[in-house]
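Here the structure is laid out as structure tokens; the discussion comes afterwards.
The values are calculated or read from the model by the stated rules, or taken from the named source; none is laboratory data. Just so we're clear, the structure is a prediction, and the values are computed from it rather than from any experiment. A quick note on method: Cβ atoms are made from the backbone with ideal geometry, for glycine too, and the neighbour counts reach across all protein chains shown. These area figures cover heavy atoms from the full protein model, side chains too; ligands, DNA and RNA do not enter into them. Shrake-Rupley method; radii C 1.70, N 1.55, O 1.52, S 1.80 Å.
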Amino acid sequence: MTSTTSNVFIAFQANEESRPVVDAILQDNPHASAVYSPGLVKIDAPGRLSIQRATIEEHTGQPYDLQQMHVNLVTLSGNIDEDDDQLTLSWGA
């Protein structure tokens, strides 16, 4: 029996506000890949993707509320677990 892991993904508008968020996500998730297209950045990862507030703050140099991310969020896929410090997308338990 072969086990396959489904990808989770998150996509943002491609703009200056999203750039540090995308950079932070890719830093924290080396297994993830980004696809850049006009106006959109989509990040795919097998099984799980974690977005850390602290890493975004490192990239922006200022405090960051994860709710700010929703302004530039286009779509996502996966089960969401969110608190003040992180947002995690995953499939399965």
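How do the pairs read when you match residues in the stretch 31-57 that are farther than 15 Å from Leu89 by Cβ and open to solvent by 50 Å² or more (accessible area, probe 1.4 Å) with residues anywhere that are at pLDDT 95 or above and among the basic types (Lys, Arg), using Cβ under 8 Å and keeping only pairs 6 or more apart or on different chains?
Once the first residue is farther than 15 Å from Leu89 by Cβ and open to solvent by 50 Å² or more (accessible area, probe 1.4 Å) and sits in the stretch 31-57, its partners that are at pLDDT 95 or above and among the basic types (Lys, Arg) give Val35/Lys42.
Would you check which residues across the stretch 3-25 are more than 9 Å from the chain's Cα centre (by Cα), modelled with pLDDT of 95 or more and part of a strand (DSSP E or B) and list them?
Val8, Gln13
Go through (1) modelled with pLDDT under 95; (2) over 11 Å from the mean Cα position of the chain (by Cα); (3) not aromatic (Phe, Trp, Tyr) and name the single condition Met69 misses.
The failed condition is (2).
Check whether at least one residue in the stretch 64-77 is under 15 Å from Ser6 (Cβ atoms) and either open to solvent by 70 Å² or more (accessible area, probe 1.4 Å) or out of contact with any helix residue (DSSP H, G or I) (no Cβ under 8 Å at 6 or more places or on another chain) (or both), and report yes or no. Don't jump to the end; show me each part of the working.
Taking the stretch 64-77 first, the residues under 15 Å from Ser6 (Cβ atoms) are 76-77.
Subset that is either open to solvent by 70 Å² or more (accessible area, probe 1.4 Å) or out of contact with any helix residue (DSSP H, G or I) (no Cβ under 8 Å at 6 or more places or on another chain) (or both): 76-77.
Looking for residues that are under 15 Å from Ser6 (Cβ atoms) and either open to solvent by 70 Å² or more (accessible area, probe 1.4 Å) or out of contact with any helix residue (DSSP H, G or I) (no Cβ under 8 Å at 6 or more places or on another chain) (or both), one finds at least one in the stretch 64-77, hence yes.
Which residues, taken from the stretch 1-21, are more than 18 Å from Asn79 (Cβ to Cβ), surrounded by fewer than 21 Cβ atoms within 10 Å (Cβ to Cβ) and hydrophobic (A, V, I, L, M, F, W, C)?
Passing the criteria: Met1, Ala14.
Name the one entry in Leu76, Leu89 that is in contact (Cβ under 8 Å) with a residue 60 or more places away in the chain, closer than 14 Å to Ala11 by Cβ and out of contact with any Gly (no Cβ under 9 Å at 6 or more places or on another chain). Quick ask: steps written out before the conclusion?
Details: Leu89 fails: out of contact with any Gly (no Cβ under 9 Å at 6 or more places or on another chain).
None of the others qualify; the one that does is Leu76.
Report, ordered by the first and then the second residue, all pairs with beta carbons closer than 8 Å, sequence separation of six or more or different chains, a first member in the stretch 18-29 that is farther than 17 Å from Val71 by Cα, and a second member that is in a loop (DSSP other than H, G, I, E, B) and not hydroxyl-bearing (Ser, Thr, Tyr).
Leu26/Ala32
Can you confirm whether Val74 is farther than 23 Å from Gly92 by Cβ and modelled with pLDDT of 95 or more?
Details: farther than 23 Å from Gly92 by Cβ: yes; modelled with pLDDT of 95 or more: yes.
Considered against the rule, which asks whether it is farther than 23 Å from Gly92 by Cβ and modelled with pLDDT of 95 or more, Val74 comes out as yes.
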